[in-house]
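The values are calculated or read from the model by the stated rules, or taken from the named source; none is laboratory data. Just so it is clear, the structure is predicted and the values come from calculations on it, not from any experiment. So basically every Cβ, Gly included, is an ideal-geometry build from the backbone, and we count neighbours across all protein chains shown. The accessibility values were calculated without ligands, DNA or RNA, using every heavy atom of the protein model including side chains. Shrake-Rupley method; radii C 1.70, N 1.55, O 1.52, S 1.80 Å.
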Amino acid sequence: MAAPHGQQNTFYIPSSVEQEMSKYMFASLPQEACGVVLGEAAAGGIRISRFQPIRNVAPDPLHHFSLEDTEWIRCVFNEPQLIGLFHSHPRTTPIPSNEDLRNLPIFAGLLQIYFIGSPDLTAESQLKMLLKGYQIHASIDSSIGMSHVQSYSLQPAQLCVT
Ligand SMILES: [Zn+2]
């Protein structure tokens, strides 16, 4: 249940889940961490229920992520609440990279939301994660009578830690 174009969705994320993502991201350094996010549509947005880490099997995991196939496929078939993807940017900000946008069609048909986490380098003492959530938006082309997805984009969503 995606919000109509132009309307901003809110992602409600329990602080325990946010902390699991954060812990996993820091434990995976210097490599990129990745995983899936489970949840469901709720009034005014999407309620996240769980984070499920998935092994990053990219040949160069310092700069890329690639979900381990078996675990990813198991989630696709066994997790009815599969709703989003998470990965980390260990050395940059949690803004989608060109590569992220290029790879979006691989996942976008199955998912609604996209999280990116980065270490907060301005945090003085503790390990703190900067987390950004994006709504996966499909632009539909129905000009020839048959609707098909033309392209996908990521639109920043509001995050509400509960
Ligand atoms: Zn990325």
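Checked against the criterion of being surrounded by 16 or more Cβ atoms within 10 Å (Cβ to Cβ), among the acidic types (Asp, Glu) and more than 12 Å from the chain's Cα centre (by Cα), the candidates GLU79, GLU32, GLU99, GLU40 yield just one match: GLU32.
All told, ASN56 falls short of being loosely packed, with under 13 Cβ neighbours inside 10 Å and under 16 Å from the mean Cα position of the chain (by Cα). I'd like to know if segment 2-19 contains one or more residues that are exposed (fewer than 14 other Cβ atoms within 10 Å of the Cβ) and within 16 Å of the ligand (Cβ to nearest atom). Within segment 2-19 (the criterion being exposed (fewer than 14 other Cβ atoms within 10 Å of the Cβ) and within 16 Å of the ligand (Cβ to nearest atom)), the answer is no, since none of the residues qualifies.
Being within 20 Å of GLY39 (Cβ to Cβ), open to solvent by 60 Å² or more (accessible area, probe 1.4 Å) and in contact with a Ser or Thr (Cβ under 6 Å, 6 or more places away or on another chain) is a property that GLN158 has.
Just one of the numbered conditions (1) of a type outside the set (Phe, Trp, Tyr); (2) over 21 Å from PHE26 (Cβ atoms); (3) touching a residue at least 40 places away in the same chain (Cβ under 8 Å) is not true of ILE106; which one? So the condition that ILE106 fails would be (3). Can you name every residue in segment 102-142 that is farther than 23 Å from ASN78 by Cβ, open to solvent by 50 Å² or more (accessible area, probe 1.4 Å), more than 16 Å from the ligand (Cβ to nearest atom) and not acidic (Asp, Glu)? Those that are farther than 23 Å from ASN78 by Cβ, open to solvent by 50 Å² or more (accessible area, probe 1.4 Å), more than 16 Å from the ligand (Cβ to nearest atom) and not acidic (Asp, Glu): LEU121, THR122, SER125, GLN126, LEU127, LYS128, ILE140, SER142.
The sole residue among HIS89, HIS63 that is within 16 Å of the ligand (Cβ to nearest atom), of a type outside the set (Lys, Arg) and open to solvent by less than 70 Å² (accessible area, probe 1.4 Å) is HIS89.
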